[in-house]
Amino acid sequence: MENRIDKALELFDNGYNCAQSVFVAYADLFDIERNTALKLSTSFGGGMGGMRNVCGAVSSMFMVAGLKTGTSIPRDREGKKRNYDTVQLLADKFTQENGSIICSQLLGLEACPTPLKKKPCREYIRFCAELLETNLKKEI
């Protein structure tokens, strides 16, 4: 599925934000129309509306995980646990590699408890798409 990673990077190179780039690369797998996916994910870019909170690429990675492992059943504790476990696994792997999931820390705009090697957003997008490929591959 290397083409999903390339698709995410191409979207970013064409001007879409980090969240849109990751989410739209996978939206068609869940029958979500492109324009709907673009609008839905717009608000998560720049660390949620440009506020530099949780990285937009990470947020979209979680959204894709929700489409795959989430639940729509009220009080489905097992379903929520399955999804939360998946999200926590992805967050842990991202943090292990990058030091944080917080946009401002990743970009070096705010101190982080772990010394970070600041990377361009494009690299975080690539990493999130790769995590989706390796961790949800059997499920996507």
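Excluding ligands, DNA and RNA, the accessible surface per residue across the chain is 55 Å² with a 1.4 Å probe. Under 10 Å, Cα contacts only: if you run a Gaussian network model on the chain, which one of ALA25, ALA57, ALA111 comes out with the highest mean-square fluctuation? In this elastic network of the chain, the residue with the biggest mean-square fluctuation among ALA25, ALA57, ALA111 is ALA111.
Which trypsin sites (Lys or Arg not before Pro) in segment 69-140 pass both tests, a DSSP loop state and at most 15 other beta-carbon atoms within 10 Å?
Those satisfying the criteria are ARG75, LYS117, LYS118, LYS137, LYS138.
Entry note, segment 1-133: relative contact order of 25 percent, from Cα contacts under 8 Å with a spacing of 6+ residues. For segment 43-57, the Karplus equation 6.51 cos²θ - 1.76 cosθ + 1.60, evaluated at θ = phi - 60°, returns couplings of 5, 8, x, x, x, 6, x, x, 8, 6, 8, 4, 3, x, 5 Hz by residue, with Gly and Pro reported as x. Average projection, convex hull of the Cα set of segment 1-107: 7.2 square nanometres.
Where in the chain lies the longest segment free of GluC sites (Glu not before Pro) that are both loop residues by DSSP (not H, G, I, E, B) and have at most 11 other Cβ atoms within 10 Å?
Working: sites that count: GLU33, GLU139.
Looking at the chain, 34-138 is the longest stretch - no exposed GluC sites (Glu not before Pro) with at most 11 other Cβ atoms within 10 Å.
Fully extending the segment from GLU33 to LYS81, taken as 0.36 nm per residue of separation minus the present Cα-Cα distance, adds 14.5 nm. Amide H contacts of VAL54 (H built 1.01 Å from N, in plane; Pro and chain starts excluded): CYS103 sit under 5 Å, all sequence-distant by 5 or more or on other chains.
Summarise the accessible area of the chain (1.4 Å probe, protein heavy atoms) by the percent that is carbon and sulfur. Spell out each step's value before the answer.
Working: 4020 of 7770 Å².
For the chain, the apolar C and S fraction of the accessible surface comes to 52 percent.
Per-residue ellipticity at 222 nm computed for the chain from its helices equals -19500 deg cm²/dmol, with DSSP H segments shorter than 4 residues left out and the rest contributing -39,500 (n - 2.57).
The values are calculated or read from the model by the stated rules, or taken from the named source; none is laboratory data. Being a predicted model, the structure only gives us computed values, none of them experimental. With ideal geometry, Cβ positions are generated from the backbone for all residues, glycine too; neighbour counts draw on all protein chains shown. Accessible surface is based on the protein model in full, side chains and every heavy atom, while ligands, DNA and RNA are left aside. Shrake-Rupley method; radii C 1.70, N 1.55, O 1.52, S 1.80 Å.
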